Amino acid sequence: MRRRRVLLAAATAVAAALASFGVHVAAEAAPATFTHPGVLVSRPQLDFVKAKVQAGEQPWLGAYNQMMASRYASLSRVPAPRATVECGPTSNPNLGCTDEREDAIAAYTDALAWYITGNAAYASKSIALMDAWSATIREHTNSNAHLQTGWAGSVWPRAAEIIKYTYSSWPNQSRFATMLRTVYLPVVIAGDSRTGNWDLTLAEASIGIAVFLEDRTSYDRAVARFRLAAPAFLYVTADGVRPEYPPASSVDTPAELVGFWHNQSTWTDGHAQETCRDFVHTGYGISAISHIAETTRIQGGDLYPELQDRLRHALGFHTRFENGTAVPGGVCGGSVTLGLGPVTEVGFNALHNRMGIGMANTQTYTERKRPQGSNNLFIAWETLTHANNPA
């Protein structure tokens, strides 16, 4: 029996059915009242950052200056929307893919700049970018359509939440909501059978969109799927002799699982499903897990306690090698492809600073990489927003 798919179908069906009757299940449930802004960053977190930047304190001032010097903060930026965004394998063809992702990051950048500076020109630019796309886009196509929808769909709600709930006027916000509901949500809420960073990114987009739309059914469905996908991506010894089988996948035997984990057949705490592929894609998955946990915490259904062992071990396992420790022969045959990226601030702040967990390797990597900027896909400015942020 393909038990993980059965569990996934049961979890999502139960969550959706109960939500339709107004009944919510504790760890999977949407809040009775959504918190706004509430996708990745909250108002108290934004207020903390604003105060630190205005006081000229580090690392926030350096991170703010990095953001403001980037192309994403340019007030002369011209949006480049398309009705059909076509994204093939390795971005070939790339018909609007980079434009969409970077316009979304720019909208989020401008929203942050507006909140920190109080300069309405940045709010207006953020709105102009969101309005241009909501008036135009109708679909994503080709082999990377799901992933593209997830990347852009993860960032748009961050920008929209800040603007809608902190700026005085956004006449076309309902059209933007319709875009998220009709173009993005039907794709991302279905998840992806390849699991890995794809499925986690789609879960992040689903949860962020559900917060903005105040869609409890979609929120519950996405969280239910995520709570099965995260253990299938990050291994801990409590799982037993092998990792969890991925949800909604044809992987169902130990031999298939080894292939799915890029020919890794023994596991230690923190090993990720894509570790032996490369650390870049592994970082995408770790980032999405951290982002989802942070959003659920803001919304009152904190998943960090459930995820803390997986996330702390994953961050420590990968940053240890990024910091220069030799790779043992039992890990990916003794050779890995480094490049974890700017993915550690959110999880490190939550686990180390808020929860008091010792994370020496992650701390070394995080502080060495500050300010952590953008990966130009769906991660942006997390030293600014989350470094040592107690809110």
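The values are calculated or read from the model by the stated rules, or taken from the named source; none is laboratory data. This is a predicted model, so every value here is computed, not measured. Every residue, glycine among them, receives a Cβ derived from its backbone with ideal geometry; neighbour counts consider all protein chains shown.
Taken as a whole, the condition of being within 18 Å of A205 (Cβ to Cβ) and touching a Lys or Arg at 6+ places or on another chain (Cβ under 6 Å) applies to W151. Candidates L351, L303: the one that is in contact (Cβ under 8 Å) with a residue 12 or more places away in the chain, aliphatic (A, V, I, L, M) and farther than 25 Å from L61 by Cα is L303. When residues in the range 290-310 are screened for being part of a helix (DSSP H, G or I) and either touching a strand residue (DSSP E or B) at 6+ places or on another chain (Cβ under 7 Å) or within 16 Å of D220 (Cβ to Cβ) (or both), 6 of them pass. Pairing each residue of the range 45-64 that is free of Cβ contacts under 8 Å to residues at least 12 places away in the same chain with any residue that is surrounded by 13 or more Cβ atoms within 10 Å (Cβ to Cβ) and among the aromatic types (F, W, Y), provided the two are 6+ apart or on different chains, yields C-beta distances under 8 Å for K52/W60. Taking the conditions exactly as written (touching a His at 6+ places or on another chain (Cβ under 9 Å) and at positive phi), does C332 satisfy them or not? In short, yes. Can you go through N142, N92 and tell me which one is at pLDDT 95 or above, more than 20 Å from S287 (Cβ to Cβ) and surrounded by fewer than 23 Cβ atoms within 10 Å (Cβ to Cβ)? Of N142, N92, the one residue that is at pLDDT 95 or above, more than 20 Å from S287 (Cβ to Cβ) and surrounded by fewer than 23 Cβ atoms within 10 Å (Cβ to Cβ) is N142.
Exactly one residue out of L185, L112, L129, L202 is within 16 Å of the chain's Cα centre (by Cα), buried (at least 24 other Cβ atoms within 10 Å of the Cβ) and at pLDDT 95 or above: that is L202. Among residues of the range 356-370 that are more than 13 Å from A63 (Cα to Cα), those with a Cβ under 6 angstrom from a residue that is surrounded by 19 or more Cβ atoms within 10 Å (Cβ to Cβ) and among the aliphatic types (A, V, I, L, M), sequence gap 6+ or separate chain, pair up as I357/L351; T362/L315. Scanning the range 325-333 for residues that are at pLDDT 95 or above and in contact with a Lys or Arg (Cβ under 8 Å, 6 or more places away or on another chain) turns up nothing.
Looking across the range 271-287, the residues that are part of a helix (DSSP H, G or I) and not small (G, A, S) come down to F279, V280, H281, T282, Y284, I286.
When the range 149-175 is filtered for residues that are in contact with an Asp or Glu (Cβ under 7 Å, 6 or more places away or on another chain) and surrounded by fewer than 24 Cβ atoms within 10 Å (Cβ to Cβ), only N172 remains. Answer yes or no: is there a residue in the range 155-163 that is closer than 23 Å to S74 by Cα and touching a Pro at 6+ places or on another chain (Cβ under 7 Å). Checking the range 155-163: at least one residue is closer than 23 Å to S74 by Cα and touching a Pro at 6+ places or on another chain (Cβ under 7 Å). In the range 67-86, the count of residues that are among the small types (G, A, S), in contact (Cβ under 8 Å) with a residue 24 or more places away in the chain and farther than 30 Å from N144 by Cα is zero.
Note on the range 239-268: residues that are touching a Lys or Arg at 6+ places or on another chain (Cβ under 9 Å) and small (G, A, S) amount to 4.
Residues in the range 91-103 that are out of contact with any Cys (no Cβ under 7 Å at 6 or more places or on another chain), in contact (Cβ under 8 Å) with a residue 40 or more places away in the chain and at positive phi: there are none. Candidates are the residues of the range 63-102 that are more than 23 Å from the chain's Cα centre (by Cα) and not in a loop (DSSP other than H, G, I, E, B); the one that is nearest to P371 (Cα to Cα) is N65.
Taken as a whole, the structure leaves L112 outside the set of residues that are hydrophobic (A, V, I, L, M, F, W, C), over 18 Å from A73 (Cα atoms) and in contact with a Leu (Cβ under 9 Å, 6 or more places away or on another chain).
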